[in-house]
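Undergrad: I have a structure here, written as structure tokens, and I will follow up with some questions on it.
The values are calculated or read from the model by the stated rules, or taken from the named source; none is laboratory data. For clarity, every value in this text was computed on a predicted model and none was experimentally measured. Please note: Cβ atoms are built from the backbone with ideal geometry, for glycine as well, and neighbour counts cover all protein chains shown.
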Amino acid sequence: MERINRSFISKNSPWFFIIMAAVVFVLDQITKHLIKTNVTPFDVIRVLPFFNIVYAENVGSAFGMFKSLGNAFFVSIASLAAVVITVMIWRDKENRLELSLILGGAAGNLADRIIYGYVIDFLDVHVAGHHWPAFNVADSALSVGTTLMIVKMLLPKPKT
């Protein structure tokens with residue numbers, strides 16, 4: 001039996017971050033499948049005083065914006081982004097974590113658009129009757145990855 005190449009699974013390997021993106025993708029798809037098969041569009045499952053599980057079909061982009069552009073537009077943009085981000089994971093050693101979160105999230109929402117023609121959202125956060133637009137695991141990964149990248153860009157670089 002051949003030994004596993006340790007550089008393949010090291011935390012510095014681009015493959016490690018591609019696997020991380022795949023984990024985000026799988027987690028996103030599993031949660032969406034559970035919602036699609038167990039929650040109807042009119043159900044509201046109260047989890048906490050400020051958090052519900054719902055079922056929403058988003059044909060637009062973030063927060064349902066740009067619906068008029070159509071699904072083909074979003075599939076094209078997300079496909080191109082996935083390719084570019086994958087290449088960036090290989091080239092940009094400093095931002096692999098952030099890029100892997102963005103890639104996993106983009107791939108999760110892309111899969112929904114290809115399979116259903118819309119993105120499944122189900123996380124509903126609200127305060128005092130005001131609801132944040134429903135979102136999903138992929139959106140969360142995209143937001144965290146983007147935020148980490150912006151913070152990293154704004155912080156001063158350590159002197160070596």
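Undergrad: Please go through the range 129-160 and pick out each residue that is in contact (Cβ under 8 Å) with a residue 60 or more places away in the chain and among the hydrophobic types (A, V, I, L, M, F, W, C).
TA: Residues of the range 129-160 that are in contact (Cβ under 8 Å) with a residue 60 or more places away in the chain, as a first pass: 133-134, 136-139, 141.
If the condition is that a residue be in contact (Cβ under 8 Å) with a residue 60 or more places away in the chain and among the hydrophobic types (A, V, I, L, M, F, W, C), then A134, V137, A138, A141 are the ones that fit.
Undergrad: Please find, within the range 1-28, the residue that is nearest to G108 (Cα to Cα) out of those that are modelled with pLDDT under 90 and out of contact with any helix residue (DSSP H, G or I) (no Cβ under 8 Å at 6 or more places or on another chain).
TA: So the residue we want is K11.
Undergrad: Let me ask something else about it. If we scan the range 69-89, do we find a residue that is modelled with pLDDT under 95 and over 24 Å from G145 (Cβ atoms)?
TA: Within the range 69-89 (the criterion being modelled with pLDDT under 95 and over 24 Å from G145 (Cβ atoms)), the answer is yes, since at least one residue qualifies.
Undergrad: Here are N109, N95: which of them is buried (at least 17 other Cβ atoms within 10 Å of the Cβ), over 14 Å from the mean Cα position of the chain (by Cα) and polar (S, T, N, Q)?
TA: Values: N109 fails: over 14 Å from the mean Cα position of the chain (by Cα).
Just a single option satisfies the conditions, and that option is N95.
Undergrad: Considering only the range 138-147, I want to know if a residue exists there that is farther than 22 Å from I30 by Cβ and either in a loop (DSSP other than H, G, I, E, B) or modelled with pLDDT of 95 or more (or both).
TA: Quick first cut of the range 138-147, residues farther than 22 Å from I30 by Cβ only: 146-147.
From what's left, either in a loop (DSSP other than H, G, I, E, B) or modelled with pLDDT of 95 or more (or both): 146-147.
Within the range 138-147 (the criterion being farther than 22 Å from I30 by Cβ and either in a loop (DSSP other than H, G, I, E, B) or modelled with pLDDT of 95 or more (or both)), the answer is yes, since at least one residue qualifies.
Undergrad: Pull out all pairs, ordered by first then second residue, where Cβ-Cβ is under 7 Å, the residues are six or more apart or on different chains, the first lies in the range 32-57 and is free of Cβ contacts under 8 Å to residues at least 24 places away in the same chain and part of a strand (DSSP E or B), and the second is among the β-branched types (V, I, T) and surrounded by 15 or more Cβ atoms within 10 Å (Cβ to Cβ).
TA: So the pair list comes out as I45/V39; I45/I53; V47/I53.
Undergrad: Turning to a different aspect of this structure: With the requirement that a residue be among the small types (G, A, S) and free of Cβ contacts under 8 Å to residues at least 24 places away in the same chain, what does the range 74-123 give you? Before the answer, list the steps.
TA: Our first condition is that a residue be among the small types (G, A, S); within the range 74-123, this holds for 76, 78-79, 81-82, 100, 104-108, 111, 117.
If the condition is that a residue be among the small types (G, A, S) and free of Cβ contacts under 8 Å to residues at least 24 places away in the same chain, then S76 is the only one that fits.
Undergrad: Out of the residues in the range 49-68 meeting the condition of being surrounded by 15 or more Cβ atoms within 10 Å (Cβ to Cβ) and closer than 18 Å to A111 by Cα, tell me which one is modelled with the lowest pLDDT.
TA: Step one: of the range 49-68, the residues surrounded by 15 or more Cβ atoms within 10 Å (Cβ to Cβ) are 52-61, 64.
Right, trim to closer than 18 Å to A111 by Cα and you get 55-61, 64.
On the way: Y55: 97, A56: 95, E57: 94, N58: 89, V59: 84, G60: 68, S61: 62, G64: 54.
So, considering only residues that are surrounded by 15 or more Cβ atoms within 10 Å (Cβ to Cβ) and closer than 18 Å to A111 by Cα, the one modelled with the lowest pLDDT is G64.
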